[in-house]
Amino acid sequence: MRAIAGLMLLCCAAAQAGDIGLLGLFPNKAMLSVDGGAPKVYAVGSKLADGSRLVAVGDGNATIEDGGKRYVVTLGQAAPRSPAGRGADTVTLAPDARGHYIARGQINGVATPAMMIDTGASYIALPAGEARRMGVDYLKGRPVRINTANGVTQGYVVRLDTVRIGDVELSQCDAVVQESGLPIILLGNSFLNRFDMRRDGDQMTLTRRY
């Protein structure tokens with residue numbers, strides 16, 4: 001209990017005016033600190049103290065809608081609300097234990113559990129199950145055959161309305177939906193080519209070019 005209280009105090013201290021901090025997750029609920037205020041548990045669909053709304057909870061994150069724009073808050077962190085429009089221009093990522101750069105965010109406004117940066121992939125790549133969850137009607141896309149380590153599988157080229165990591169959001173990104181053999185969403189060059197990529201030690205910074 002003392003450790004939990006300490007975490008809450010730390011998160012509250014990090015959540016300054018204009019920020020929303022995610023302190024805990026429950027089935028269809030999230031504990032949030034709004035503008036540095038006291039923590040409160042909100043149900044999905046509830047309006048927050050600042051007038052924004054909690055629209056979804058995911059694996060380690062919550063999705064907030066404010067002024068028609070959506071953004072993702074990560075557990076244990078405070079996220080500044082972006083002004084209306086295209087959002088922020090820069091996001092910084094740290095590698096996981098295996099050296100992979102993993103981001104959480106949204107595709108077409110739906111929170112994603114994890115997306116891996118893959119500079120060797122031509123497109124954003126989506127498992128078919130994730131595409132269906134996001135409402136992507138991929139069967140209307142352009143059919144392609146994809147070579148994988150386990151053989152050839154069916155894929156479909158589609159265009160995603162929005163792709164967001166952190167507070168950075170891009171519109172109209174090409175992607176391939178893969179029907180089998182893909183365990184995680186890959187952020188390939190149809191996304192990465194719209195950024196300048198910089199490495200500083202083990203950190204990767206993406207700065208939007210357009």
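Some observations on this one:
- Neighbours of Ser190, meaning other residues whose beta-carbon lies under 13 angstrom from its beta-carbon, give a summed charge of 0 when Lys and Arg score +1 and Asp and Glu score -1.
- Applying the criteria of a DSSP loop state and at most 10 other Cβ atoms within 10 Å to the trypsin sites (Lys or Arg not before Pro) of segment 174-210 yields Arg209.
- Largest-first ordering by accessible area, 1.4 Å probe, given options Met197, Met31, Met134: Met197, Met31, Met134
- Segment 182-195 - phi-based ³J(HN,Hα) in whole Hz, Karplus 6.51/-1.76/1.60, Gly and Pro as x: 10, x, 8, 6, 10, 9, x, 6, 5, 9, 5, 5, 8, 10
- Those lysines that a straight Cα-Cα span of less than 23 Å connects to Lys47, excepting residues fewer than 8 apart in one chain: Lys29, Lys69
- Accessible area of segment 119-210 belonging to carbon and sulfur atoms, whole % at 1.4 Å probe: 44
- Solvent exposure of segment 81-205 as accessible area per residue, Å², 1.4 Å probe: 49
The values are calculated or read from the model by the stated rules, or taken from the named source; none is laboratory data. If you're wondering where the values come from, they're calculated on a predicted model, not measured in any experiment. Using ideal geometry, Cβ is built from the backbone for each residue, glycine included, and neighbour counts are taken over all protein chains shown. The area values use the complete protein model at the heavy-atom level, side chains included, leaving out ligands, DNA and RNA. Shrake-Rupley method; radii C 1.70, N 1.55, O 1.52, S 1.80 Å.
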